[in-house]
Structures are given as structure tokens and as C-alpha cells.
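Worksheet for the structure shown next.
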Amino acid sequence: MSAAVTVEQVSKRYGARWALQDCTLEVPTGSVTALVGPNGAGKTTLLHLLVGLTEPTEGRVSVLGASPRTDPTHVLPRIGFVAQDHPLEPRFRVDEMLAVGRRLNPRWDESLARDWLRERQIPLADRVGALSGGQRAQVALALAIAKRPEVMVLDEPAAALDPLARREFLQSLMEAVAERELTVLMSSHLLADLERVCDHLVVLAAGGVQLVGPIDEIAASHRLLVGPPGDEQAVARVHQVVHARHTPRQTTLLVRANGHVYDARWQIEDVALEDVVLAYLQRRPDQEVAA
Amino acid sequence: MIEFRLDPRSGVPTYLQLVLQVKQALRLGMLHPGDQLPTVKEVVATLAINPNTVLKAYRELDREGLAEGRRGQGTFIAAKNAIAPPDRSGLAAGLVRWIRQAQSAGCDEDDVVALFAAATHEVFGTHQDFGRRSA
């Protein structure tokens, strides 16, 4: 699978503070990739680099084979971007928002936008400010999809929505993926949603990439080992210990297993993806692992 | 046509849940050779899951010879597939008799499930978590 997005040794500094340090990752073409991390981890900075809103202090960013900053006319029309909190003009009617999209985008597909909103029962004559949060999110998505993008970048698109609106939003996004071979990169805090809709995962913490790879592989390779205290070294020689907890009676290790774990002293359990992600989020920045 | 469902707490990967549900439907005689499986778009619309996951499940069923994709039409249960519904009526009746017997011997549902799991382990040598993997 080729990469729709490539980030190579990218660092970004704002004044004295490094928002990203030495980040390297790829988003495979056709994948739905989740970008996960705590607040302040650099998720929004990374997404802004991809859509050309800012440029890296060091390193190289490439989307669809070109740089969004130095080659914007080639790249930007092919990227759909749904920014955090869906910044739409509240005084505009929905059809006026579409008119803005039509003027700004050379590849604009007006009937696609109108059909998309009609199917979701969003009245084109309503003012954006009068819509519900879920409807506003759908308008923001329609504006991005009507560009007929090859890559969609979404920053926390569903964070502020209630559970039903969130499900409907993700449904819409997945239908767009099914219909038009999109590559999607979306940041989110909502791990349960991501497991449902995403097939690749990037975990960003403390400005660096902690984990990257296909979700199935990540889920299949991590195990929880529960056993007697003090046996950690033997395990660590073969498998990679991501997170360890110790009590006087017991050691609990979350490991990235190197093949099967055969050891009668340890009770071996599957781990939920959410627990794997949380374990990586708790690591120090110097412990990077690539899938 | 069957409708897929998801158990997000099962820990079983999503694509595998879809595969297991098709196998289960075949075993129970709910799906027959030539039956069409839901289209990728239909599954995406009902479950709000990634279309790549559905494609992966259908590829896996294809690889195991249980289903086949027909270009432009969809995915269908293969004419010759390895899972034929066994003559269930006799077997199921026998199992119900055995469960009643266990019940009158004082076993509750958990005891029955544990006995069944132990017996399948003895015969097949595999570990099945009957409590969790209801798919």
C-alpha cells in the first residue's frame, strides 16, 4: 500500500516550545487512520502541517506526493479539512455556505453537497447558527466532501456531539469512504469510536509518535501478563514491555509480544485496544516503538 | 439476508466478528449457498464501521471458500462451502435431553456451560470461551 501522507522527522517549534519533535509516520492510501493523544500532544499541529496552515521547523511533510506549503495548488484542492469545532459562519444560511465553497474550490461538486444534505434532512434555507451541533457537523462534512477530496483530514470532528449525532456523523463519513476511495486521517479522544471506524492508528504523546500501525496487528500483538513479582527481566528479553505495574504479590505487564508467549508462570490475557493505547500514552517520550 | 451486529466489548476484532457471524448463520441454516451477503455500503450504513473492515471480512470468507465476490453484484455464499448445516434436529434434541438431565442432577446454567466447555476441550483440544464469544 502506498502512502497518501508521509511525515519524515518533522519537528515544529512555537517560540521556545516544541509542539512536535522528530515525528515520522505514514498514512496508507485508502486507510482510515486515527490520530490519538492527550490534549497538548501536538495532534492539531500535525494536522495543520498536512493542510498547509503551518510549516514544519524541521523535516518534510508530503501529501499525495507533494508539499502542501511549497506546492499548494497541486495539493490543497485534493484535501478536505474539517477543523475542530466546525468553524462555519453562523449568520449564513446553509446554501450560502455552499456558495462560499463553490467560489473557493475548483473541484466543487454542488449537486453532491445538496444531495448529501438533503439525504440527512438538513434544510438548505436554515441559518447555520440555528442548526444543532450534529447538523453543523454534517454541514462541515458536506463542505469538505463536495471538494471531491482524495484525502480527508478531520480534527476532533465528533468530540462535541451527543452519542446519536456522533454515530450519525461517523456513519456519514464511512459512507463517503465506501463511495469514493478516500484516505482519512482523524484525530479523536473517543477510543471506542475509533476502534469501530479506523483501521490504522497513530498514538502521539509528548510531541512524539509512540505507536503507529494497523489496528488489527496492534490488537493481536499486545498481551497482558499477570504473574509473580520480580520476573520482568526474563519477559523483557524476548518481548517488549510497554507498561509494568508491581504490587508486593503480583506483577502486571503489558507487552508487545514477539511471537507467542509461552511461559507457565504467567497468566496471559488479551488486551482491549483502549488499554493498549492508554499504556502507550503513559510512556516517557524516549521509548518510541514503530509497528 | 442476515444483518450483522457488533459487540464492542468482546475483544474480538470487528472483521472477525463479521466472519464468525456468517459461519454461525451457515451452521444454523440461516444462510444457504447462493444467498447474498449485505453489500459493503449496507453494512457501513447499519453499523457505522469502516468499509475496509467489511472488505477484509469478505476477503477472509472468500479465502476460506465460504463466500465469493461477483463483480458488480456483491458477495454471495459459495455453492460448495465447507460448512453445511448438520442434521441439527436430532443433535439438538439430544443436547436438550442432556441439559435437562444435568439440570435434574442439580447443575445450574454456569455448571452446564463449564461442563460443555470442558468436554469440547477434551474432544477438539481447543479453548473456547463460551461465556464471551457468543458470536
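Determine the calculated [θ] at 222 nm for the protein assembly as shown from helices alone, applying -39500 (n - 2.57) to every DSSP H run no shorter than 4 residues and normalising by the residue count; nearest 500 deg cm²/dmol.
-11500 deg cm²/dmol
Give me the inter-chain shielding for A:190-196: mean count of other chain Cβ atoms within 10 Å, whole number please.
Counting Cβ atoms of other protein chains within 10 Å of each residue's Cβ and averaging gives 3.
How well do other chains shield peptide A:197-204, expressed as the mean number of their Cβ atoms within 10 Å of each residue Cβ?
3
Two decimals is fine: what's Rg over Rh for chain A, C-alpha atoms, Kirkwood radius as Rh?
1.03
Can you tell me the relative contact order of region B:14-77? Whole percent, Cα pairs under 8 Å, sequence separation 6 or more.
39
So with the 1.4 Å probe, I'd like the accessible area per residue for region A:3-205, rounded to whole Å².
Here the per-residue accessible area is 42 Å².
From zero up to wherever the largest Cα-Cα distance of region B:14-77 sits, split into 5 Å bins and tell me the percent of pairs in each.
4, 19, 31, 29, 15, 2
What's the average, rounded to a whole number, of partner chain beta-carbon atoms within 10 Å of each residue's beta-carbon in A:170-177?
Values: counts 5, 6, 2, 3, 13, 5, 2, 5.
Average per residue, whole number: 5.
Which trypsin sites (Lys or Arg not before Pro) from region A:99-144 combine a DSSP loop assignment with at most 15 other Cβ atoms within 10 Å?
When the trypsin sites (Lys or Arg not before Pro) of region A:99-144 are filtered for loop state and at most 15 Cβ neighbours within 10 Å, A:ARG107 remain.
For A:ARG180, B:ARG9, A:ARG196, give the ranking by accessible area with the largest first, probe 1.4 Å.
Largest to smallest exposure gives the sequence B:ARG9, A:ARG180, A:ARG196.
Over the protein assembly as shown, what percent of the accessible surface lies on carbon and sulfur atoms, probe 1.4 Å? Could the numbers behind the result be given before it?
Numbers: 11030 of 22060 Å².
Roughly 50 percent, rounded to a whole number.
Need one value: the accessible area of A:SER62 in square angstrom, 1.4 angstrom probe, rounded to the nearest 10.
Only protein atoms counted, so the area is about 10 Å².
At most 11 other Cβ atoms within 10 Å and a DSSP loop assignment: could you name the trypsin sites (Lys or Arg not before Pro) in region B:32-78 that fit?
Qualifying residues, ordered by number: B:ARG71.
May I ask what percent, to the nearest 5, of DSSP beta bridges between residues of the protein assembly as shown are antiparallel?
Around 70 percent antiparallel, to the nearest 5.
Ordering A:MET97, A:MET174 by how much accessible area each has at a 1.4 Å probe, largest first, what is the list?
A:MET97, A:MET174
What is the angle, in °, between the Cα long axis of helix B:51-63 and the longest principal axis of the Cα atoms in chain B? Nearest 10 is fine, range 0 to 90.
It works out to around 70 degrees.
Kindly compute the accessible surface that chains B and A hide from a 1.4 Å probe when together, both sides summed, and give it to the nearest 100 Å².
In total, this chain pair buries about 1300 Å².
Which residue fluctuates the most in chain A, going by a Gaussian network model with Cα springs under 10 Å, if the choices are A:ALA16, A:ALA137, A:ALA244?
A:ALA16
At a probe size of 1.4 Å, how large is the accessible area of A:HIS246, to the nearest 10 Å²?
110
Largest first, how would B:ILE77, B:ILE83 line up by accessible area (1.4 Å probe)?
Solvent-accessible surface, decreasing: B:ILE83, B:ILE77.
Answer with one residue from A:CYS23, A:VAL255, A:LEU281: the one whose Cα lies farthest towards the positive end of the charge dipole of the protein assembly as shown, charges on Cβ with Lys, Arg +1 and Asp, Glu -1.
After comparing all options, I get A:CYS23.
Enumerate by residue number the chymotrypsin sites (Phe, Trp or Tyr not before Pro) in region A:39-147 meeting two conditions: DSSP loop (anything except H, G, I, E, B), and at most 16 other Cβ atoms within 10 Å of the site's Cβ. Display every interim value, and only then the final one.
Details: sites: A:PHE81, A:PHE92, A:TRP108, A:TRP116; in loops: A:PHE92, A:TRP108.
Within region A:39-147, the qualifying chymotrypsin sites (Phe, Trp or Tyr not before Pro) (loop, at most 16 other Cβ atoms within 10 Å) are A:PHE92.
At 1.4 Å probe size, with no ligands or nucleic acids counted, give the accessible surface of A:GLU8 in Å², nearest ten.
Rounded to the nearest 10, that gives 80 Å².
The values are calculated or read from the model by the stated rules, or taken from the named source; none is laboratory data. Nothing here was measured: the structure is a model prediction, and the numbers come from that model. Cβ coordinates were reconstructed from backbone atoms using ideal geometry, including for glycine residues, and neighbour counts include every protein chain displayed. The area values use the complete protein model at the heavy-atom level, side chains included, leaving out ligands, DNA and RNA. Shrake-Rupley method; radii C 1.70, N 1.55, O 1.52, S 1.80 Å.
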